[in-house]
There are 2 protein chains.
Amino acid sequence: MEEKQSNLVVAADVTTKRELLALAQKVGPEIALLKTHMDIITDFDWDLIIQLKQLATTHKFLIIEDRKFADIGSVVQLQCRDGMYKCAQWADLVTVHAVCGLESIKALEMVADDPNATLRGILLISQLSCKGNLIDSNYRNQAIAMAQDSNFVIGLIAQESCGDPTLLTFTPGISMSQKGDSLGQQYNSPEHAIHHNGTDLIIVGRAIYNAADPATATQEYRKIAWDAYKNRRLSEPVS
Amino acid sequence: MEEKQSNLVVAADVTTKRELLALAQKVGPEIALLKTHMDIITDFDWDLIIQLKQLATTHKFLIIEDRKFADIGSVVQLQCRDGMYKCAQWADLVTVHAVCGLESIKALEMVADDPNATLRGILLISQLSCKGNLIDSNYRNQAIAMAQDSNFVIGLIAQESCGDPTLLTFTPGISMSQKGDSLGQQYNSPEHAIHHNGTDLIIVGRAIYNAADPATATQEYRKIAWDAYKNRRLSEPVS
């Protein structure tokens, strides 16, 4: 983050190999991490992974596969390690729902022990941005406790910080212009997320990949988000 | 169910095309539905789908893809329709977590409108069998209410019936011999699930696909489960 002065994550919700690589090339220099949904890429092949990892090395960003694992331990191990996508071999981080409990996190941590694995941690989902979701304060508190119980969970996907400085907060549903979509998504501005809600990294999707000029939009979001983050950190008491 | 006298679902948690087709061939004549995790099949290709659908037609079973969709509406649409697996084109039912709310269910229902779609409904997860899961009574009640609000949800994945006869209850974590695994899974017997908990369909995994003779094990589970179901129905008041 510090080296690139970026706390920006771009959500690459595109459906073809060509679009994903083009987007990674355009936004790569400005982002800290790229968030993928590899399971929506219609022409996925292993060459896509090789090219994407080359772009990640060139532009120094990490890859989050937003798989939202949500099954029992024995199944998430197979889903993360095997199948067509084998995300343990290329993703740096994966997202996991807290609903299945700590055992599913431990099971994924075991997958990362494989010598071929690139996986180095989990982002646990402790809040959601979509309308009518079922995460209440009890669920959220238990998710936070699970994250604190596991060294493998390095951050939370949440709308606001839980106040634990050892856990990074990643916030999706960020846009400077949109308020929502027709399928229940709801948006916040970068400044609101970082200043008001204490978010560390913002995740921006459609506002960037649907922009007329994604590279320029990425620069704008990076600057606004990094300035907001720096200012908030300056105003915090030294711990 | 009635025609085959079967309320048995086999969970096909195998990782190769050969194993999945061999298992479907062996258990097909005895089961009402086959539950797949297509995303753990390492050598998945479209020919697997074609052969599996032929077996489903021959042996008259439906296919549940246990994808446990758990994302915002715009993403679950792409995950169900696109990517490598395109499960809307071959699965009869898919499983969905309730955590993202009703909008994600509506979004999947829209996918089923496609003329190429085989998808005809959702099983909503209202309880889990794994240790330390975060589903409490409040979450469960909201999940049941979501299922009742949607004609596209035809049943619940749960440990016990919610008492609504319009929703079928499918119960995983069933074994006649095992009590648990090392990754947090916990098991119930078929009779306990059907008699005591009011389950309609039992989902049996390792107890069948790891059996020395899966075909014979399937026959045994089908008979026990169907007898328990018939007996329970006979003892219920006529509505």
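Couplings 3J(HN,Hα) of the range A:40-57, computed from phi: 10, 7, 5, 10, 3, 8, 5, 4, 4, 4, 4, 5, 5, 5, 5, 5, 5, 5 Hz, in residue order, whole Hz [Karplus 6.51 cos²θ - 1.76 cosθ + 1.60, θ = phi - 60°; x for Gly and Pro].
Approximating the spin labels as points 7 Å out from Cα along Cα→Cβ, the B:Thr166-to-B:Asn141 distance works out to 2.0 nm. A simple rule links phi to the HN-Hα coupling: the Karplus curve 6.51 cos²θ - 1.76 cosθ + 1.60 with θ = phi - 60°, which for the range A:99-113 gives 4, 8, x, 5, 5, 5, 5, 4, 5, 5, 4, 5, 4, 5, 6 Hz, with x for Gly and Pro.
How shielded is A:92-103 by partner chains, expressed as the average number of their Cβ atoms within 10 Å of its Cβ atoms? That average works out to 5.
For peptide B:37-44, the mean count of partner chain Cβ atoms within 10 Å of a residue's Cβ comes to 5.
Each copy carries a label point for B:Arg233 at 7 Å from Cα toward Cβ; from one copy, the others' points are 6.5 nm away, ordered from shortest. Which Cα, out of A:Ala145, A:Thr58, A:Thr166, lies furthest along the positive dipole direction of the range A:54-181 (beta carbon charges, K/R +1, D/E -1)? Of the listed residues, the answer is A:Thr58.
Per residue of A:123-135, count partner chain C-beta atoms within 10 Å of its C-beta, then hand back the mean as an integer. Show your work: numbers first, answer last.
Details: counts 0, 0, 4, 0, 0, 6, 2, 11, 7, 9, 9, 15, 5.
Mean partner-chain Cβ count within 10 Å for A:123-135: 5.
Using the alpha-carbon centroid of each, what span in Å lies between the range B:158-229 and the range A:138-155? First find each Cα centre; the distance between them is then 31 Å. Along the range A:70-82 the Karplus relation, 6.51 cos²θ - 1.76 cosθ + 1.60 evaluated at θ = phi - 60°, assigns HN-Hα couplings of 7, 9, 5, x, 5, 7, 5, 4, 5, 5, 7, 9, 10 Hz to successive residues, with x for each Gly and Pro. Go ahead and set up a Gaussian network model of chain B, Cα springs under 10 Å, then flag whichever of B:Leu78, B:Leu156, B:Leu33 fluctuates most. Between B:Leu78, B:Leu156, B:Leu33, it is B:Leu78 that shows the largest mean-square fluctuation. Starting from the range B:152-232, pick out the trypsin sites (Lys or Arg not before Pro) whose DSSP state is loop and whose Cβ has at most 11 other Cβ atoms within 10 Å. Of the trypsin sites (Lys or Arg not before Pro), the ones in loops of the range B:152-232 whose Cβ has at most 11 other Cβ atoms within 10 Å are B:Lys179.
Placing a pseudo-label 7 Å from each Cα along the Cα-to-Cβ vector at B:Gln219 and A:Met1 gives an inter-label distance of 6.2 nm.
Given bins 5 angstrom wide, list per bin the percent of all Cα-Cα distances in chain A, short to long. Final binned percentages: 1, 7, 14, 19, 20, 18, 13, 6, 1, 0. The H on the amide N of A:Leu62, modeled in the peptide plane, is under 5 Å from the matching H of A:Leu33, A:Leu34, each at least 5 residues off or on a different chain. Legend: ranking of residues B:Ser177, A:Ser150, B:Ser126 from fewest to most surrounding C-beta atoms inside 10 Å; resulting order B:Ser177, A:Ser150, B:Ser126.
We did not get these values from a lab; they are worked out from the coordinates using the rules stated. What you see is a predicted model; the values in this text were computed from it and never measured. Every residue, glycine as well, gets a Cβ built from its backbone with ideal geometry; the counts of neighbours run over all protein chains shown.
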